[in-house]
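See below for the structure under consideration.
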Amino acid sequence: MEFLSEEHLLSEIKKFIKDSKHCVLATSNEGIPYCSLMAYINNDDCTQIYLASYWDTQKVKNLKKNKNLSLLIDSRGSQSPKALTIQGEFLETDKGLYDFVFKKFLKEHPEMEPFLSSEKIEFISVNFKAFMYIKGLEDTYFIDLS
């Protein structure tokens, strides 16, 4: 197993988050798991991830009942496999950030413009609690952020 300092590891994780554009969101409804493929953006210092969904979807209903969530970001199809699981919690996005989040989503995911312009859209903020980062087939790292 390769040894990486926590500082180096966090830097590598942030780069991986910034370089990727999609994740799988896992929520739960009364113990039943629910997964959704999602586009995402991150803030400039990569301390927050934002997702977009209609407010009346099952995933949003699940998050409003149970704020715990998990995100999976991976390097599918790459020669150097990596996977990042983010354990986190749902936060309602501050209305003051909607303009920033909307514009960044349009910049990074222009194909989503009709979806993002809907009155039913809700931006989901993810507060990071822990990371499990896998490099290759054997190197696994866990960082508890609490």
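No lab work stands behind these numbers, since they all come straight from the coordinates. Given the structure is predicted, the values throughout are model-derived calculations rather than measurements. As a convention, Cβ positions derive from the backbone with ideal geometry for all residues, glycine included, and neighbour counts pool all protein chains shown.
Some values worked out for this structure:
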quantity: Karplus (6.51, -1.76, 1.60) ³J(HN,Hα), θ = phi - 60°, over segment 129-146, in Hz, Gly and Pro reported as x; calculated: 10, 7, 10, 10, 10, 10, 10, x, 9, 10, 7, 10, 10, 10, 10, 8, 8, 7
quantity: Between 0 and 90°, nearest 10: helix 6-19 axis offset from the chain longest Cα axis; calculated: 40
quantity: Amide H within-cut-off set for residue 54, under 5 Å, with H built and near neighbours excluded; calculated: 122
quantity: Long-range HN-HN contacts of residue 129 with modeled amide H, under 5 Å; calculated: 87, 88, 89
quantity: Length-normalised contact order for the chain - Cα pairs under 8 Å, 6+ apart - percent; calculated: 24
quantity: Charge dipole magnitude, Cβ of K and R +1, D and E -1 - the chain, Cα centre, debye nearest 20; calculated: 360
quantity: Distance violations [Cα-Cα > 20 Å] among 67/129; 15/82; 64/129; 21/61; 14/95; calculated: 21/61; 14/95
quantity: The chain: angle of helix 98-108 to the longest principal axis, Cα-based, in degrees nearest 10; calculated: 60
quantity: Calculated FRET value between residue 35 and residue 142, using beta carbons and R₀ = 30 Å, to 0.05; calculated: 0.90
quantity: Formal net charge of residues neighbouring residue 14 (Cβ-Cβ distance under 12 Å; K, R +1; D, E -1); calculated: -3
quantity: FRET efficiency estimate (nearest 0.05) - Cβ-Cβ, residue 21 to residue 132, R0 25 angstrom; calculated: 0.80
quantity: Surface/4 estimate of mean projected area, convex hull on alpha-carbon atoms of the chain, nm²; calculated: 9.5
quantity: Cut-off 14 Å between beta-carbons: net charge of the residues surrounding residue 35, Lys and Arg +1, Asp and Glu -1; calculated: 0
